[in-house]
Each structure stands twice: as structure tokens, then as C-alpha cells.
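Participant: Please see the structure below; I have some questions.
Just so it is clear, none of the values below were taken in a lab; they were calculated from the coordinates. Not measured: the values here are computed from a predicted model. Cβ placement follows ideal geometry from the backbone for every residue including glycine, while neighbour counts extend to all protein chains displayed.
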Amino acid sequence: MGMDLSSVCVDTGMPLGDPNGGMFEYTAEGLPLSIAAAEIPVTDLPRALTFYTEALGMTVYHKDARAAVVGGRGYRLLLNKRLNAGVETGFYMGVENPYDMHRRLIDEGVVFIRDPARGPLGLTTSFKDPDGNILHAAEMPDRV
């Protein structure tokens, strides 16, 4: 089942993606495989790094004066220095148990905006990072 891309693509008279105009059938090549990273704006990079590494246990993969890449097994977050932060990220971290995360982060003084509750993604909780960005955690199913 294909999408009609005519409203978002310039009609060149050639099939999408074929510069020579030949006809072929698309398979899975070129389609997204996963979310590579999510960007989170931060105003104070050292403070953000402390939170993401110490409170959330993430590993630093890259760091320079304007940005850092942190994450864990199978995910990366780009902490990008900005003048403004404090956004609803829409980002959900997969955790074994949101109640355990809630209990652990409450002990660290993290502000929660939603206690663990069931929703469309299962059991989730929501909290703020030091810049006021809203992050979410969702219980990971046994199989994806």
C-alpha cells in the first residue's frame, strides 16, 4: 500500500527515487529502521550532563562546547545548547518499571508532572529535567 506523495514532491515525470527514469519495485531499502536520536534543548550543558548521566544513568558518547550525545543500549539523546528550553519533548524512555523510576527520581528531587498511570502506551510517568523539559518513561513490553 503506497502513499500518494504528489502533494509533497515535485513531479519530474520520473518514478520517485530513480534519476534515470527506469521502472522498478521498491522493497524495504531506504525506509526508517529506528529512531536514531532525539534532540533535547538545554541552557546549561554541564548541569544537563550531570542530570542525564547521574540521575538517569546515561553514558556520554560525545561532548563539545555546544552539544553532547548521551544514551544507552539502543538509543541516543542529543543535548543541544539553546537560549530557550523547557519544552514538551514527546520523548518516551523505555524502562522496566515506571514505579521504580518514579521512586528513584523522587529521591533525587526530580519534579514529576504525572505519577505512574496506565495510558495508550501502557504504564507511563512524566517528569522534568533541570531545564524544565518534559520527559516521559514507558514500561517496555517483553517484545517489541
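Participant: Antiparallel as a % of all DSSP beta bridges within segment 38-139, to the nearest 5? Could you put the intermediate results ahead of the total?
Facilitator: Numbers: 20 of 30 bridges.
Of all bridge pairs located within segment 38-139, approximately 65 percent are antiparallel.
Participant: Turning to a different aspect of this structure: Full extension from residue 39 to residue 80: what is 0.36 nm times the residue separation minus their Cα-Cα distance, to one decimal in nm?
Facilitator: 14.1 nm
Participant: Suppose each label sits 7 Å from its Cα in the direction of the beta carbon; what would the residue 103-residue 66 distance come out to in nanometres?
Facilitator: Result: 4.3 nm between the two label points.
Participant: Could you pull out every residue, at least 5 positions away or on a different chain, whose amide H is within less than 5 Å of the one on residue 42? Hs are placed 1.01 Å off N in the peptide plane, and Pro or chain starts have none.
Facilitator: Close amide H contacts, sequence-distant or interchain: 80, 81, 82.
Participant: With contacts defined as alpha carbon pairs under 8 Å and 6 or more residues apart, what's the relative contact order of segment 38-139 in percent?
Facilitator: 28
Participant: If you don't mind, another one. Between residue 28 and residue 113, what FRET efficiency comes out of the Förster formula 1/(1 + (r/R0)^6) with R0 = 35 Å and r the beta carbon distance, rounded to 0.05?
Facilitator: Calculated value: 0.35.
Participant: Over the residues of segment 52-123, compute the C-alpha Rg and express it relative to 2.2 N^0.38 Å.
Facilitator: For segment 52-123, the normalised Cα radius of gyration comes out at 1.23.
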